[in-house]
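Accompanying notes for the structure given below.
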Amino acid sequence: MNPLNHKTPEIHHRRSIRLKEYDYSQPGAYFITICTHQREHLFGEIVDGVMKLNEHGQIAQEEWQKTALIRNEIELDEFVIMPNHFHGIIWIVDGRGTARRAPTGGLGETSANFTPTHEQFGKPVVGSIPTIVRAFKSAVSRRINLARCTPGNPVWQRNYWEHIIRDDQDLTNAQAYILNNPAQWENDELHSRGTR
């Protein structure tokens, strides 16, 4: 599975690449990919197939792990920080603060009494994937810009890619892709882009 089988973000401009009618706050697993601004090699380097995080990469890792600590509705699965991008699987495990757990019939299944909440521009939905990603990107940007004395500089590309994980095999494929990503760096389509 290659989560990057999307058109480049430059052709999307400010148009959303989310599914229009999909409720990104419903229980399930989501594979997220976020690239650095201009694909800059910001987070460290790959040495012998292993990612070696620098100070900025450690900030990104800390903030991703903090994401689950400050939000009861999510759990983190596999993730990897690469020199110029990030891959992670995030689970929404209950519906916007309720005690109801994710349905057991299969990934992406919703219960009959679940009321969808659709994100609109300028109106974040607490516990939704777009809001979680936005908060993560903002926290990382703030800390990195503080560390390098560059207030307001972009750290990330404007958007991100997501893949809604549909079943157990899809989950297994996504986990394997993440775990193998550093070893596959030389063949990664993001490898040669950006600055080092």
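Which residue pairs have Cβ atoms closer than 6 Å, lie 6 or more positions apart in sequence or on different chains, and pair a first residue in region 142-164 that is more than 17 Å from Thr131 (Cβ to Cβ) with a second residue that is part of a loop (DSSP other than H, G, I, E, B)?
Matching pairs, first to second residue: Ile144/Val155; Asn145/Pro151; Asn145/Asn153; His163/Pro3.
Can you tell me which residue among Thr115, Thr104, Thr172, Thr131 is modelled with pLDDT under 95 and outside any loop (DSSP other than H, G, I, E, B)? Before the answer, list the steps.
Details: Thr115 fails: outside any loop (DSSP other than H, G, I, E, B); Thr104 fails: outside any loop (DSSP other than H, G, I, E, B); Thr172 fails: modelled with pLDDT under 95.
None of the others qualify; the one that does is Thr131.
Can you pull out every residue in region 136-157 that is in a helix (DSSP H, G or I) and either modelled with pLDDT under 95 or not hydrophobic (A, V, I, L, M, F, W, C) (or both)? Walk me through how you get there before you give the answer.
Residues of region 136-157 that are in a helix (DSSP H, G or I), as a first pass: 136-147.
Correct list: Lys137, Ser138, Ser141, Arg142, Arg143, Asn145.
For region 20-39, which positions are of a type outside the set (Ser, Thr, Tyr) and either at pLDDT 95 or above or not in a loop (DSSP other than H, G, I, E, B) (or both)?
Within region 20-39, the first condition is being of a type outside the set (Ser, Thr, Tyr), and the residues that meet it are 20-21, 23, 26-29, 31-32, 34-35, 37-39.
Gly28, Ala29, Phe31, Ile32, Ile34, Cys35, His37, Gln38, Arg39, listed by residue number.
The values are calculated or read from the model by the stated rules, or taken from the named source; none is laboratory data. None of these values were measured; they are calculated from a predicted model. For neighbour counting, all protein chains shown are included, and Cβ atoms are generated from backbone atoms with ideal geometry for every residue, glycine included.
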